[in-house]
């Protein structure tokens, strides 16, 4: 389905009622995987968000399973900073949809586009909420794998300011279960390259430190309005990330100098050199405001932060395409 025909399809959904329960009011946004609408829950009378899988993808069972898994994960992860999935269904016409709590606000990406960058205090408020959400996800054996400003909602819920993490479509279990075993082939790369950790770009085994790297990239962007690695060419992007050097004070001179050490560790090319937990990263950002504490933290910074990842053999199934290119880049045969 072309972009124009997809747009027409989504327009026709406005005013329709899905499975007798959810009346579609307006489209909030759309992308390659589908669209999100504001809808009314007819029985309760409140607003909800309805995410619809693009109709041309409904025949791709791997994508359908990912959509179902996103709904299942979002329904099971009960946390105030994670968008809650309330329902999942399929209409008689074959439309797959999930129902989520409706947040009246904007994405972090939209906020950054409008404001350029945020203050250190504003940034800490958002990072604290995201760290709480990630801590819950990681404790539940889940990696998000696609942390980026477009997947962060900032708005109001029941009159309160909230920060919400969403889109668990490519979430990954640290220990695969029967639902995931066939969804991700070894060496497959999913996510948004600018925010991905080097080992993620290389198709290597991921740990929670991959999510923490993406969190550090977003935090850097919030503080500076720039990205620590911004090359469009994937090879150059990976080379830039592997250097692991990014200074926030180069962009914003009045930021605490100790933050440069925080990002040297948070954006280290070797995952073992990064912060152990999301809360460790949050505490380091907070401590950077206090010169004495920041100096003590800086002494603890390991030299491993600038060490490159040891190249690993690429799996046979993933030897072609971009992964094969990376294998050759790092000296593979």
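The values are calculated or read from the model by the stated rules, or taken from the named source; none is laboratory data. Since this is a predicted model, take the numbers as computed values, not measurements. When we count neighbours, we look across all protein chains shown, and the Cβ atoms used for this are built from the backbone with ideal geometry, even at glycine.
Some notes on this structure:
- Counting only helices (runs of 4 or more DSSP H) that fall entirely inside the range 46-164 and contain at least 2 residues that are outside the structural domain of residue 27 (by TED's automatic domain parsing) and under 18 Å from the mean Cα position of the chain (by Cα), the qualifying elements are 108-115, 120-139.
- Boolean, residue 115 is at pLDDT below 90 and exposed (fewer than 15 other Cβ atoms within 10 Å of the Cβ): no
- Residue match in the range 267-278 (condition: over 18 Å from the mean Cα position of the chain (by Cα) and in a helix (DSSP H, G or I)): yes
- Residue in the range 33-43 that is at pLDDT 90 or above, assigned to a loop (DSSP other than H, G, I, E, B) and out of contact with any strand residue (DSSP E or B) (no Cβ under 7 Å at 6 or more places or on another chain) present: yes
- Entry remark, the range 242-263: residues being within 22 Å of the chain's Cα centre (by Cα), modelled with pLDDT of 95 or more and either in a helix (DSSP H, G or I) or farther than 18 Å from residue 127 by Cβ (or both) number 2 in total.
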